[in-house]
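Presented below is the structure to which this report refers.
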Amino acid sequence: MKLKHSILCASMALAIPAAAFAMGGASGPHTNYIMQGHLGEVMMNPYEIAPLTAVIRDNGYDLSDVTVRIVPKTNGQEIKYTVSRAQLLTHGGIPVFGLYPDYLNHVEVSYTRTLRGKSESFKDTYQLYAPPVYTEVAGIPTERHALFGVKVKKVDPEFKDRLYFVNNLAEKSGIGTRAVWNNPMGGALQWNFFPQNAVVDTAGDIRWYMFANPIFDLQSLYKSGVMMGFKQNDDGMLTWGFGQTYVKYDILGREVFNRRLPLRFNDYSHSMDDAQNGHYFLRVASSNYLRDDGKHVRTVRDMIAEVDKNGVVVEEWRLADILDPYRDNVLKVLDQGAVCLNIDASQAGKTLTAEELAKADSSDNFGDVVGTGAGRNWAHVNSVDYDPEDDSIIISSRHQSAIIKIGRDKKVKWILGSPEGWKDKFKPMLLTPVDASGKPIKCEGSKCEGGFDWTWTQHTAFKIDEKSKGDIIYVSAFDNGDARGMEQPALPDMKYSRSVIYKIDQKKMTVEQVWQWGEERGHSLFSAVTSLTEYQADKDSVMMYFATAGAQYDLKTGAFNTAPNPTIFEFKWMAKEPSVEIQLLDCTGYQAWPFSIDKAMNATAQ
């Protein structure tokens with residue numbers, strides 16, 4: 001029996017892979033996982049929503065001097081970073097970011113481990129297979145990829161280390177919710193798209209993506225919506241919102257908070273600003289707005305809520321009470337086939353008349369439809385940016401084609417946009433265009449001389465804090481270009497989009513256009529909806545995302561024949577040619593921006 005037992009044990013030993021095991025006794029948090037290196041077990045996708053991440057557990061040691069390097073593929077981009085003590089303690093080990101999907105990754109980890117005064121330094125190489133990218137699909141003929149394809153066209157050496165966070169949207173899905181708000185009427189509850197969020201490197205490889213299913217459900221009222229407004233906060237973590245929820249997570253997927261909107265509000269989308277005062281400014285809507293005609297409605301994309309770190313509402317901006325929800329100049333000339341993601345190809349090229357708008361206003365046709373008055377999509381605010389210098393907010397109102405600054409006292413400070421259609425009380429707030437010498441530029445209606453132009457159905461109006469001082473501020477914006485000049489062009493392919501930077505003298509109430517780019521490429525980069533322009537201090541550059549460019553159009557109607565092919569650009573400050581040009585294939589984009597893994601792994605705790 002002893003001989004048989006020995007043979008059996010030997011056979012079992014031969015069947016076990018050549019790897020170190022941590023076996024244990026009857027109690028305690030010991031492990032019995034296959035081990036690599038000189039630490040504990042590996043946890044792949046440790047928080048369930050980031051499959052290209054891992055944690056190498058510390059195995060009871062105190063770790064320090066930690067550096068992680070993901071060995072790049074041939075001609076690939078190296079990801080290498082150090083890890084702060086706070087991150088090591090939070091994750092119970094070494095956080096790993098940037099694994100290649102469907103690939104056996106080699107991860108080099110150097111560190112010092114200490115136990116009761118004894119320290120040892122090691123450099124281990126871990127072999128970690130990461131699974132292919134997976135995302136839900138809509139079952140439509142334009143889908144070609146899980147997430148998107150990538151075509152790298154240009155990357156200057158200074159930008160080779162860039163990682164870009166991409167926030168895209170899947171096409172409408174047959175399993176999306178069919179719920180509507182009905183008490184009170186209106187709102188944007190049906191606005192519901194499966195998220196497609198990823199980080200891409202400058203070699204064109206996906207190095208992170210979100211497996212959203214554990215926190216997102218197209219068929220659940222409070223777990224669905226459109227994931228938008230992603231930002232990397234100063235503490236390195238991500239904030240964004242979707243539907244009736246706003247959230248904060250780290251890049252490994254660890255939840256910091258996942259909150260319902262305060263009950264006074266509903267229908268988050270587009271923008272969640274992590275402000276300098278530690279609060280969050282959410283672009284939301286009213287859950288119950290009482291109109292002058294006595295009707296109770298849910299409004300659409302026309303409120304800003306300021307909440308503190310605990311989710312307590314500090315302030316609100318009710319734009320239907322602050323601005324003029326009946327200014328219809330822009331609404332009458334919008335292309336109804338591209339009213340910002342409620343894209344209806346059958347309406348491409350069509351516009352609305354004053355009579356149609358008036359008829360709609362007298363009806364109970366409330367909700368996510370273009371129209372005047374609270375309860376309809378009259379404002380479509382798609383960004384909010386807090387300015388601590390004068391305790392104000394800067395908003396981008398797509399359906400007013402205006403960038404507007406409003407104080408905490410709810411008074412409008414200035415309006416950057418065409419002067420057409422504003423009531424008398426707003427006219428003193430309209431900025432006057434000037435040239436580089438400060439001389440006023442001649443304008444007639446919505447068209448100006450000297451190359452100056454307003455923004456049209458724009459997105460992302462951000463103050464450039466690093467370039468601004470006192471009353472002289474710089475503001476960047478993505479000028480989508482629909483309804484340019486307060487009209488639709490003779491031919492759809494005459495439309496173009498651009499990024500633009502303005503210099504505003506808030507005391508003199510003037511605005512100078514100091515830089516623009518995009519008109520040079522014409523219709524090839526036209527992005528009817530979404531997109532972003534934002535200054536990047538680390539490289540003194542301007543990032544832009546032409547998020548719905550590159551589609552093939554029916555030139556008779558302007559409707560999409562194919563999915564868009566968005567393009568990431570990055571320019572050195574005031575440059576005439578891009579330093580980065582990366583095209584994403586067969587996808588619908590919202591925003592993209594540079595992601596810092598060093599900030600994520602080393603930022604000071606907030």
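The values are calculated or read from the model by the stated rules, or taken from the named source; none is laboratory data. Just so it is clear, the structure is predicted and the values come from calculations on it, not from any experiment. All Cβ positions, even for glycine, are placed from backbone atoms using ideal geometry, and neighbour counts span all protein chains on display. Quick note on the areas: whole protein, heavy atoms, side chains included, nothing else; ligands and nucleic acids left out. Shrake-Rupley method; radii C 1.70, N 1.55, O 1.52, S 1.80 Å.
Points worth noting:
- Protection proxy ranking, peptides 572-584, 491-503, 148-160, average beta carbon neighbours within 10 Å, highest first: 491-503, 572-584, 148-160
- Rh by Kirkwood over Cα pairs, then Stokes-Einstein D for the range 41-130 at 0.890 mPa s and 25 °C, µm²/s: 183 µm²/s
- Farthest positive-ward along the chain dipole, Cα basis, beta-carbon charges - from Asn183, Asn565, Phe194: Phe194
- Protein-only accessible surface at a 1.4 angstrom probe places the residues Lys223, Lys295 in the order Lys223, Lys295, largest first.
- Scoring 355-363, 231-239 by mean Cβ neighbours within 10 Å over their residues and listing the highest first yields 231-239, 355-363.
- Fully extending the segment from Asp424 to Val256 would add 55.8 nm, taking 0.36 nm per residue of separation and subtracting the current Cα-Cα distance.
- Solvent-accessible area per residue in the range 41-130 equals 45 Å², computed with a 1.4 angstrom probe and all protein chains kept.
- Across the options Val96, Val300, Tyr209, the greatest Cα extent toward the positive end of the charge dipole of the chain (unit charges at beta carbon of Lys, Arg, Asp, Glu) belongs to Val96.
- Counted charge near Gly174, where neighbours are those whose Cβ lies closer than 15 Å (Asp, Glu -1; Lys, Arg +1): -2
- Cα-based Rg and Dmax for the chain, where Dmax is the largest Cα-Cα distance (Å): 26.3, 104
- Value at 222 nm in deg cm²/dmol, rounded to 500, when DSSP H runs of n ≥ 4 in the chain each add -39,500 (n - 2.57): -1500 deg cm²/dmol
- Quarter of the Cα convex hull surface for the range 440-571, i.e. its orientation-mean projected area (nm²): 8.4 nm²
- Taking a ≥ b ≥ c as the square roots of the eigenvalues of the alpha carbon gyration tensor, the range 91-241 is prolate, as a/c is not under 1.5 and a/b beats b/c.
- Just the protein heavy atoms count here, and of the accessible area of the range 41-130 at 1.4 Å, carbon and sulfur take up 43 percent.
- Estimated FRET transfer efficiency (Ser437, Glu581; beta-carbon r; R0 35 Å; 0.05): 0.55
- Taking every Cα-Cα distance in the range 360-404 and sorting them into 5 Å bins from zero, the calculated P(r) comes out as 5, 23, 22, 16, 14, 10, 6, 3, 1 percent.
- Mean projected area in nm² (Cα convex hull; one quarter of hull surface) for the range 111-200: 13.6 nm²
- Positive-end extreme of charge dipole, the chain - chosen from Met509, Phe426, Leu331 (charges on Cβ): Leu331
- For peptides 329-336, 173-180, sequence by mean Cβ density within 10 Å, most packed first: 329-336, 173-180
- Volume per residue that the Cα convex hull of the range 159-243 spans, once the total is divided by residue count, Å³: 125 Å³
- Taking a ≥ b ≥ c as the square roots of the eigenvalues of the alpha carbon gyration tensor, the range 382-426 is oblate, as a/c is not under 1.5 and a/b does not beat b/c.
- Cα-based helix-to-principal-axis angle, 2-15 vs the chain, degrees rounded to 10: 30 degrees
- The residues of the range 470-606 expose on average 35 square angstrom of accessible surface per residue, using a 1.4 Å probe on protein heavy atoms.
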